[in-house]
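All remarks here apply to the structure that follows.
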Protein chains: 2
Amino acid sequence: MNMSDARGARERLVVIGGDAAGMSAASQARRLKGPDELGIVAFERGHFTSFSACGIPYWVSGDVPDRDRLIARTAEEHRARDIDLRLRTEVTEIDLDRGRVRARDVDSGAESWTSYDKLVIATGARPIRPELPGMDAPGVHGVQTLDDGQALLDTLSRTRGPIDSVPPERRSRRRDPDRAQPLGPARVRGRDTGAHRRPGRAVVVGAGYIGVEMAEAMIKRGYEVTVVNRGEEPMATLDPDMGRLVREAMEGMGITMVNDAEVTGLLTGGDGGVRAVAAGDAEYPADVVVLGIGVRPETALARAAGLPLGEHGGLLTDRSMRVRGHENVWAGGDCVEVLDLVSGQQRHVPLGTHANKHGQIIGAGVGGGYATFPGVVGTAVSKVCDLEIARTGLREKDARRVGLRFEAVTIESTSRAGYYPDASPMTVKMLAELRTGRLLGVQIVGREGAGKRVDIAAVALTAGMTVEQITALDLGYAPPFSPVWDPVLVAARKAAAKIGPAL
Amino acid sequence: MNMSDARGARERLVVIGGDAAGMSAASQARRLKGPDELGIVAFERGHFTSFSACGIPYWVSGDVPDRDRLIARTAEEHRARDIDLRLRTEVTEIDLDRGRVRARDVDSGAESWTSYDKLVIATGARPIRPELPGMDAPGVHGVQTLDDGQALLDTLSRTRGPIDSVPPERRSRRRDPDRAQPLGPARVRGRDTGAHRRPGRAVVVGAGYIGVEMAEAMIKRGYEVTVVNRGEEPMATLDPDMGRLVREAMEGMGITMVNDAEVTGLLTGGDGGVRAVAAGDAEYPADVVVLGIGVRPETALARAAGLPLGEHGGLLTDRSMRVRGHENVWAGGDCVEVLDLVSGQQRHVPLGTHANKHGQIIGAGVGGGYATFPGVVGTAVSKVCDLEIARTGLREKDARRVGLRFEAVTIESTSRAGYYPDASPMTVKMLAELRTGRLLGVQIVGREGAGKRVDIAAVALTAGMTVEQITALDLGYAPPFSPVWDPVLVAARKAAAKIGPAL
């Protein structure tokens, strides 16, 4: 134990990772304890802190005009609050026995040890990058970090003309009525590409959230977009019958959707840059390739230190986000596993909203307070142009895997009263447990007003409600907001009738 | 008891009132029992069945192009399902002892008795119309029924030019970017009134849901609008501090808002038509007056029959919507009181969404099944142009009245991530009980994306969640849908910190 921090504080907190979870923890700890009581040192191997990775697709698309808007709090702001933030400094070892970490200056290579009284591990996740030929070719991009986003934008400006080729009015307005229409390929081509020039071709590998959001971004940038997807349908976080609706809608936007395709390599051209994506026997020409395959917990350091990891490779914590068995070590964000309240099992759910909650809870604990993270129900929402996609709880295969039997129903309804202008169709799928009628999961695919309806189900799942209870929920109703029976209630009625015909 | 219906059915159901609750009950009962088992006779004193009263403001505004779109199911459709529907026929007496009702043909005045085995009372609500001079003058309109709506539209066509003066494109499009801007009076005047003609002047009496929705409708019709309101601020279903935000926004739209004003009479012109609204010493010139003062349960028949009424004048039922103490009599919709699950007291909440639920539950009971209505939490949502207003649970004064002590917090946030285009501000007020931290109520005033967020709180209230539990909810997050901390979570964090500083 250190009797005092180098700058005179009685205790020292070391934070590994300067993004959402780590810096939220540092900030919350600082709120509770001043610099005399607690010294805080935070190590971040990248150039930036506290940025919104979820915002990168909208920066690439041009909806968000510049990078700095994605930074919730700059390094300078953290330092102004007496957080000793060390950018471009990578922690290479955790020495639990002696309570210290070894850090390396990324640029100079110099290494040194820093001791801690309390440690927060917020090392995040690393993108899955299969080891395939051509993976490192120019024009192949991940979209995990702000540096990734900038590199992609640089490629776009080379392959398709300057970034500013997107007319400014398309960047600043979201409610452009044009966007409510499916964007056919002809229109995309015609819109901002001169006839003298072939439109750029983008291949997005992966059709999860990042993949579909990047497909939108590339469409908005005027590219012809192909999405190459290993699964049966896009959005594997949905059941395939709901994923099919996403595929059909994306095809309606002029996006080429390729399912059941395992990428086998990236082909390069004479200049060494990417030329095509190979999947089995097929080749998909590409001026730029975006990798949106997903992420895994970044826990190599924790593993080397002997900290407990779960079956998904994430750190295991208790309810207060302390690493199990380690009183003075916390972990949060994309590097931990969380309890799924519906299945009762551990999951890895890399989402900024959880990372921020974890940070708050860790900061409270470090600061001597009390807060807990009960777990997740698996809520996620996304969009592709005007298509909204949401899910919470278990898919059919999740339920089966944990031994739950269920009824599944699917209904069609509208976002507003049917007679109200712009009432848009939505499909709601709902799973309910046999016998108990307990809600197990909801999936929604629709247009404006569809996505955030999943929150109704998220709260109901958290509360352990049955579908019968959901049918009676007192939800907000007025013609511009909902049909007189909200679509979630319609699904619940159908599910309740299947569980127990009641009559 | 009738051994058989006139048409040979073994039992007869009589329904009084052919709107949402009554006809939902009839339809659901028919679904469960065929015409051989159950004869169904439904009496409706008006011209229409199963219409959306909530849709009338949008028909008057021109958003809904014609009346028939507000009719969910026509008389012919009901009759095709073997429901003996008698329009323009008013029930004038319920004879509980002999199990019969007396009905009068509104046009001919002819009366006759119809016996029943099972009775459903769905007589709805009647608008409050204070007995003031000039109340029956031409140009003074309620907006309860489709006939009311048509009469108002007829007046509008006289006082302001034909209904078609609203350009068709303004009727069919909701996402007109213009509407996202406050509509100043100058623009309203300039839009569809020639310079040679004074714009019509509308006074809306009352500033509850109907009042503010009608203010929007009259603005869209090109009128100069004054809202005369008895209360301290508009939207008395909100606390005054939140009502003030509504007033300010409506003033920003060019609506003249008059608070603390009791209407003392309506002044008429030489032609006998309304000329102005008098409130105390002030006069507000009016070519048309819309009454949006609210409604009371229509329970004169039930009172005369000796059925149990509550303190708000509504019928009292059990959980299965049976009238208390009467095995074969059900009641639902705007004529009943409902249990407020938050306060534990009875309330009168005239909303189509409850009426439809009641109808389903009654129909199940009549058909020999089982379903119950647990109660309400008091959710309501409305809009005025692009301003969205929502509430659920208790206001400060409600909580005080039932002896609950609480902390109240108010926060400002945005509908989307702050950096995402069209992130719009919203204000969320939250009440939480002292000591337990139980959520008591939420009020939201904002722009697009604000209103339906109240559903999160509605479900949490139903589940009896504490604000601490709400802080951990796994809600849908992505930059186009929400900040990383949803505004409801931000309010819950602030409330939780006030309830128990935890740290």
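Read-outs: derived from the displayed coordinates by stated rules, not from any lab. This is a predicted model, so every value here is computed, not measured. Ideal geometry is used to build each Cβ from the backbone, glycine not excepted, and the neighbour counts take in all protein chains shown.
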- Query: Gap in Å between the Cα centre of the stretch B:437-492 and the Cα centre of the stretch A:216-280?
  - Reply: 35
- Hey, got a sec? Which GluC sites (Glu not before Pro) in the stretch B:380-448 land in a DSSP loop and have at most 13 other Cβ atoms within 10 Å? none
- For every other residue with a beta carbon closer than 14 angstrom to the beta carbon of residue A:260, add +1 if it is Lys or Arg and -1 if Asp or Glu, then tell me the sum. -1
- With θ set to phi - 60°, apply the Karplus curve 6.51 cos²θ - 1.76 cosθ + 1.60 along the stretch B:296-310 and write out the HN-Hα couplings as whole Hz, x wherever there is a Gly or Pro. 10, x, 8, 10, 4, 4, 5, 4, 4, 7, x, 6, x, 10, x
- Note on the structure: Quick calc, the stretch A:386-499, dipole around Cα centre from Cβ unit charges on Lys, Arg (+) and Asp, Glu (-), nearest 20 debye, gives 520
- Query: Can you list residues whose amide H is under 5 Å from residue A:346's amide H, if they're 5+ apart or on another chain and H is modeled 1.01 Å from N?
  - Reply: A:340
- One finds, for residue B:304 and residue B:497 with R0 = 51 angstrom and r their Cβ-Cβ distance, a FRET efficiency to the nearest 0.05 of 0.40
- Rounded to whole Å and sorted largest first, what semi-axes of the equivalent ellipsoid does the C-alpha gyration tensor of chain B yield via the square root of 5 times each eigenvalue? 38, 32, 21
- Task: Step through the residues of the stretch A:430-445 one at a time and calculate ³J(HN,Hα) from phi using the Karplus curve (6.51 cos²θ - 1.76 cosθ + 1.60, θ = phi - 60°), rounding each to whole Hz and writing x for Gly and Pro.
- Result: 9, 10, 10, 5, 4, 6, 6, x, 5, 4, 10, x, 9, 10, 10, 10
- Can you put B:440, B:85 in order of Cβ neighbours within 10 angstrom, beginning with the fewest? B:85, B:440
- Mean separation of Cα contacts under 8 Å (at least 6 apart) over the residue count of chain A, i.e. the relative contact order in percent, is 13
- Excluding residues fewer than 8 places away in the same chain, name every one of the aspartates and glutamates whose C-alpha is closer than 13 Å to that of residue A:383. A:213, A:216, A:448
- Query: When each copy gets a label point 7 Å from Cα toward the beta-carbon at residue A:368, what are the spacings between them in nm, shortest first?
  - Reply: 7.0
- Message: Just to confirm the numbers: residue A:497, label point 7 angstrom along the Cα-Cβ line, distances to the other copies in nm, shortest first?
- Response: 4.8
- Could you please state, rounded to a whole Å, how far the C-alpha centre of the stretch A:93-133 is from the C-alpha centre of the stretch A:376-407? 34
- Item | Coil-residue GluC sites (Glu not before Pro) of the stretch A:263-331, DSSP, other Cβ within 10 Å capped at 13 | A:311, A:327
- Select from the stretch B:404-503 those trypsin sites (Lys or Arg not before Pro) which occupy a DSSP coil region and have at most 12 other Cβ atoms within 10 Å, ordered by residue number. B:405, B:435
- Please arrange B:255, B:94 by counting, for each residue, the other beta carbons lying within 10 Å of its beta carbon, fewest first. B:94, B:255
- Item | Given charges at Cβ of Lys, Arg, Asp, Glu: chain A dipole, positive-most of A:75, A:341, A:313 | A:341
- Query: Equivalent-ellipsoid semi-axes (√(5λ), Cα gyration tensor) for the stretch B:386-499, whole Å, largest first?
  - Reply: 24, 14, 11
- Copies of residue A:312 compared via label points 7 Å along Cα→Cβ give distances in nm, shortest first, of 4.5
- Whichever lysines have a C-alpha closer than 18 Å to that of residue A:357, once near sequence neighbours (fewer than 8 apart) are set aside: B:494
- FRET efficiency, residue A:92 to residue B:436 (Cβ-Cβ, R0 41 Å, nearest 0.05): 0.25
- Item | Karplus-derived 3J(HN,Hα), 6.51/-1.76/1.60, for each residue of the stretch B:377-384, Hz, glycine and proline x | 10, x, 7, 8, 9, 7, 8, 10
- Task: List every residue whose amide H lies under 5 Å from the amide H of residue A:477, counting only residues 5 or more places away in sequence or on a different chain, with H placed 1.01 Å from N in the peptide plane.
- Result: B:381
- Query: Per the helix-only calculation at 222 nm, which mean residue ellipticity applies to chain B, given -39500 (n - 2.57) for every DSSP H run of n ≥ 4 and division by its residues, nearest 500 deg cm²/dmol?
  - Reply: -7500 deg cm²/dmol
- What is the set of long-range amide H partners of residue B:51 at a cut-off below 5 Å, with H atoms built 1.01 Å from backbone N? B:20, B:72
